[in-house]
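First the structure, in the form of structure tokens, and then the observations on it.
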Amino acid sequence: MSVAPGQQQNPHAGRPLWRRLLGFHFGTGIVLGIGGFYLGWYGGHWIVNGLNPASLGYFGDTGQNDISLFLAYILGVIGFLVGLGFANYPLARLRGYPPSLREKEEHTGIGRFFTLNTDHKVVGMQYFVGIGLFFFIAGLNAMLIRFELLRPEPNVWPAGNYLTLVTEHGTMMMGMMTSGILGPFANYLVPLMIGARRMAFPRIEALTFWLLMAAGVILLSGYFYGGIPTGWTGYQPLNDQANMGMDAYIVFFALVGLSMCLLGLNMLATVITMRAPGMTWTRLPMFVWGVISTAVLMLLAPPVLISVLTMSGFDRTIQTGFFVPAQGGTSYLFENLFWFFGHPEVYILALPGFGIVLELLPVFARKPLWGYRLAVAGFLGVSLLSWMVWQHHIFVSGINSDLRPFYMLSTELISIPTGFTFLCAMGTLWRGQIRYRVPMLFCLGWVFNFLFGGLSGIFLSDVPSDVDSHGSFFSMAHFHYTIMGGLIFAFFAGVYYWLPKMTGFMLNERLGKIHFWMMFVAFNSTFGPLFALGFMGMARRDVTYPSNLQPLNDWVSASAFVLGISMLVFLFNLVYSQLFARVPAGANPWESKSLEFQLPSPVPVHDFDRIPVITGDPYGYGEEGSVVARPSPVPVPAGGGA
Amino acid sequence: MRRLGHFERVIVIWLVVSAIAMTLVAIFLTPILPPGNGGAEASSQRFDNEVLTLVSTLVCALIFVYFGYVLIVFRQRRATDGDGPPIRGHARAQLVWVVTTTVTVLFLAAFGTYELLGGAGGGQGAKPVFKSFSSDQLVSAKDPPLQVQVIAQQWQFTYRYVSNGGFESAQFVLPANRQVELHVTSLDVIHSFWIPSLGVKADANPGFDNIAYLTPTKVGNVRIQCAELCGLFHGYMFDTGRIVSPSAFAAFVKSQSQFVSPVTKYLPSFSGKYLPDPAFRAG
């Protein structure tokens, strides 16, 4: 059987199919996951029915049996992970087997993407497809939302379905896209960029991916359990009131939080401990600095989310009163805890985009990155300041009014380090030799969109202005400009730039340009008018609106549909160029001086033949004879071996 | 006059474009910025938005002019052109940028705080600090703020006219040119009392009294909207309020309180919050 270059012969070749299906993989995971789900469901019923009927027992056979659903989800996820094989290595170690990374070599071919695989490149590709799938599902939800908003009166969806669509769209996007760049790109590229052969914790890396996939399915199941009425913020006490679908939200976000926390941990441990000789902190690529500044937030913020969700879960099941005023609780506790996580969360979304843009601009301007240390200071400054601003989400909630000037100041201050990224982008292009390839177009689109996103953030950070704009479409436009106009444009820049390295085949340039221009124009046409709609008094999450706003809403909806079609253009490009046209990319299609482009495309399983010695940063454009690394004269163990 | 270098050209173009843009914005855009001039708070918020818009115009002009210039002038012209010059930084440019952005940001924060002191702040919690100084000239010594309570529930606002006998009504009517102290609370989940044209927004939290100040100056109808997702019919939780002359307000008070008088005596006494008794969850 033919084997792709760099891949090993499949050790399972020649075994009968039924023996191959009997192992630990995605299929086993599904089976054990479903088994766990029903075990939890009926186990929950058994528990609840056995309790004193005067307290919780009466929930037993109603449609509000949250205890059963929580147990079903939790046991389902555990079954899923056991079926994939995550328990095997811990159990083996408990029984005294030595440490190993056998899973990396065991599978080749398409099947390896459906298993627990410790090859960071495989995990990166798994993330790419998995997150892409959920991105499209959430995007479809957005199309349905805009379809509803074509007319002021209820159109297609009853009020409850509409709110569930809004919640599913927001929650799916916020949960999935936080790992949207770190998952696919950082997992694949960080070891290559720092000169390592693997991440610090390969099995945890695989776990973060499969947790996210299980979480996504759980969130989608919310449709079948009565929907979710709270929006992605899940505010109490509406949370407490909601149907069983709310449990899907809670479990989803808890799993996503866990996945994020572990992903951040892995990134930090890898970059701190596994850099190749000569890779000093001042030679790190900007993308890796973006990953570091994001990973700190990813490590520290989700535990707060998990705790507030656990408290919500207890409120919904065993009738505690954390957030119930009649029992002495308060809704403010939820708001503060949620946004203490929620604000670093949005910088988790934004920072990797900064990293990608500053990484790509030098390549396409053919100049070194301008102001390297300032750019790093900007990233770290954003990371640090993002902990001190969360109350700007709740300015008019009735928080102590003495606090508001402080949070206004701290939020305004964040624009200073963000501005450093803009300055460094500007300086990099000065006197360059700018090449307008598709990744560059997406980076420039990022600059345009993030400008408006950032400036509208200044409006929202100003308390008197926020009084009117909070909870209106102005704030919706702001965060869509920063998240979609920022992160997603940077994501596509990364896709067009790095997918040739990952698969060995270029994406079609002309289709890419059509995709970019369609997406850029449609995006601005969709979200630009939302600023105006917010200023005209249209509130968020409303299934109905004043009828004089209909023409503008229709324009926005039509543009949104074009935006959706532009995504289909990308999908077509992806399928056509990767499966049919298959134009070989070669090792360095962009003439980049970065370390990952000194390797062949696709990257071989073992990454580096020999760990290199780093001699400079990857931005030596225009400098005679500068190379990022040279082969080491003797074999150098890769930061810990294996 | 010698030919200008690239950098000087960019600066000159930026200054010209900014001057034109800011003039156009000041003439055409700022008069229609929200929340409009329906009240004292709304006016100071509108002025705040005006300042922010002008500063944003300046920044936008800089980025557009710079990138427009650079993307046209410094593009690669022939495929055989090599790399650009290895410029890794410029200490003075960085210093100027850092200082300028910091000064701008601090100015905006100070200006926002100043406007906040003028009472433009929406819901301020149970112990409001900043009252409506800017509307002091409208408040005479013998006119304390009119106390009106907004009680939000799923999916309706009820208004309790505390200063006028404590009767409840589904109609929101206020006299013009009088400072009003709104007490916003909820009976079940979080709502938000928002009047876009008067610049007031105060979240209604169950078990909590959120105070906001309001000084309407123009007679007319205003749209009231719930601005915090509160469940199924959140989108239908809106109302039309009326700002009327003081005499019309007195007439309203008289006729409404008489109309609801059989019920008023059964209402609980005024409190910042109303919790169900016995306690039960989510109203």
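General observations
- Every residue from the range B:9-41 that is free of Cβ contacts under 8 Å to residues at least 12 places away in the same chain and farther than 13 Å from residue B:65 by Cβ: B:23, B:24, B:27, B:28, B:31, B:32
- For the range A:319-334, taking the residues that are among the aliphatic types (A, V, I, L, M) and buried (at least 16 other Cβ atoms within 10 Å of the Cβ), the one that is farthest from residue B:274 (Cα to Cα) is identified as A:324.
- Of the residues making up the range A:468-488, those that are of a type in the set (Gly, Ala, Ser), within 11 Å of chain B (Cβ to nearest Cβ) and either outside any helix (DSSP H, G or I) or crowded, with 24+ Cβ neighbours inside 10 Å (or both) are A:469, A:471, A:472.
- Filtered residues of the range A:320-371 (kept if within 8 Å of chain B (Cβ to nearest Cβ) and closer than 30 Å to residue A:592 by Cα): A:365, A:366, A:367, A:368, A:369, A:370, A:371
- Residue satisfying all of: in the range B:196-211; among the charged types (D, E, K, R) and facing chain A (nearest Cβ under 7 Å); farthest from residue B:40 (Cα to Cα) among these: B:203
- Only one of A:401, A:386 that is surrounded by 24 or more Cβ atoms within 10 Å (Cβ to Cβ) and either among the hydroxyl-bearing types (Ser, Thr, Tyr) or not assigned by TED's automatic domain parsing to the domain that holds residue A:453 (or both): A:386
- Residue within the range B:204-211 that is in a loop (DSSP other than H, G, I, E, B) and without any contact (Cβ under 8 Å) to a residue 24 or more places away in the chain present: yes
- For residue A:269: the one exception among (1) assigned to a loop (DSSP other than H, G, I, E, B); (2) surrounded by fewer than 24 Cβ atoms within 10 Å (Cβ to Cβ); (3) away from chain B (no Cβ under 14 Å): (1)
- Just one of the numbered conditions (1) outside any loop (DSSP other than H, G, I, E, B); (2) surrounded by 16 or more Cβ atoms within 10 Å (Cβ to Cβ); (3) aliphatic (A, V, I, L, M) is not true of residue A:605: (1).
- Qualifying residue in the range A:391-399 (condition: part of a helix (DSSP H, G or I) and facing chain B (nearest Cβ under 10 Å)): yes
- Selection within the range A:285-331 - outside any loop (DSSP other than H, G, I, E, B) and in contact with a strand residue (DSSP E or B) (Cβ under 9 Å, 6 or more places away or on another chain): A:325, A:326, A:331
- Residue in the range A:521-549 that is surrounded by the most Cβ atoms within 10 Å (Cβ to Cβ), counting only those that are aromatic (Phe, Trp, Tyr) and within 14 Å of chain B (Cβ to nearest Cβ): A:545
- Selection within the range A:364-373 - crowded, with 24+ Cβ neighbours inside 10 Å and assigned to a helix (DSSP H, G or I): A:364, A:365
- The residues of the range A:428-467 that are farther than 18 Å from residue B:201 by Cβ, among the aliphatic types (A, V, I, L, M) and facing chain B (nearest Cβ under 8 Å), listed by number, are A:429, A:434, A:444, A:447, A:451, A:455, A:458.
- Of all residues in the range A:593-630 being away from every other protein chain (no Cβ under 12 Å) and of a type in the set (Lys, Arg), the one that is farthest from residue A:372 (Cα to Cα): A:610
- Just one of the listed residues (B:105, B:96, B:59, B:70) is modelled with pLDDT of 90 or more and more than 9 Å from chain A (Cβ to nearest Cβ), and it is B:96.
- Residue count for the range A:400-415, restricted to those that are more than 15 Å from residue A:350 (Cα to Cα) and either aliphatic (A, V, I, L, M) or at the interface with another protein chain (Cβ under 7 Å from one of its Cβ atoms) (or both): 10
Residue-wise test of (1) out of contact with any helix residue (DSSP H, G or I) (no Cβ under 8 Å at 6 or more places or on another chain); (2) surrounded by fewer than 12 Cβ atoms within 10 Å (Cβ to Cβ); (3) within 14 Å of chain A (Cβ to nearest Cβ).
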position	(1), (2), (3)
B:224	yes, no, yes
B:227	yes, no, yes
B:231	no, no, yes
B:237	yes, no, yes
B:249	yes, no, no
B:252	yes, no, no
B:257	no, no, no
B:274	yes, no, yes
B:277	yes, yes, yes
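Quick grid of which residues meet (1) touching a Phe, Trp or Tyr at 6+ places or on another chain (Cβ under 8 Å); (2) outside any helix (DSSP H, G or I):
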position: A:232; (1), (2): no, yes
position: A:235; (1), (2): yes, yes
position: A:240; (1), (2): yes, no
position: A:253; (1), (2): no, no
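- In the set (1) assigned to a helix (DSSP H, G or I); (2) buried (at least 19 other Cβ atoms within 10 Å of the Cβ), the condition left unmet by residue A:552 is number (2).
- Just one residue in the set B:137, B:154, B:147 is surrounded by 19 or more Cβ atoms within 10 Å (Cβ to Cβ) and modelled with pLDDT under 95; that residue is B:154.
- Odd one out for residue B:189, checked against (1) assigned to a strand (DSSP E or B); (2) of a type in the set (Val, Ile, Thr); (3) facing chain A (nearest Cβ under 7 Å): (1)
- In the range B:212-222, residue farthest from the other protein chains (Cβ to nearest Cβ) [restricted to those that are outside any loop (DSSP other than H, G, I, E, B) and surrounded by fewer than 20 Cβ atoms within 10 Å (Cβ to Cβ)]: B:220
- Near pairs, Cβ below 7 angstrom, 6+ apart or cross-chain, from the range B:111-123 (facing chain A (nearest Cβ under 7 Å)) to any residue that is modelled with pLDDT of 80 or more and part of a loop (DSSP other than H, G, I, E, B): B:112/A:462; B:120/B:199; B:121/A:401; B:122/A:396; B:123/A:396; B:123/A:397; B:123/A:398
- Annotation note: Cβ proximity below 7 Å between a residue of the range A:321-336 that is within 19 Å of residue A:403 (Cα to Cα) and a residue that is in a helix (DSSP H, G or I) and at pLDDT 90 or above (sequence gap 6+ or interchain) occurs for A:334/A:308; A:335/A:394.
- Taking the numbered list (1) farther than 17 Å from residue A:353 by Cβ; (2) surrounded by fewer than 22 Cβ atoms within 10 Å (Cβ to Cβ) in turn, residue A:174 passes all entries but (1).
The values are calculated or read from the model by the stated rules, or taken from the named source; none is laboratory data. Worth saying up front: this structure is predicted, and the values here are computed from it rather than measured. Glycine also receives a Cβ, built like all others from the backbone with ideal geometry; neighbour counts cover every protein chain displayed.
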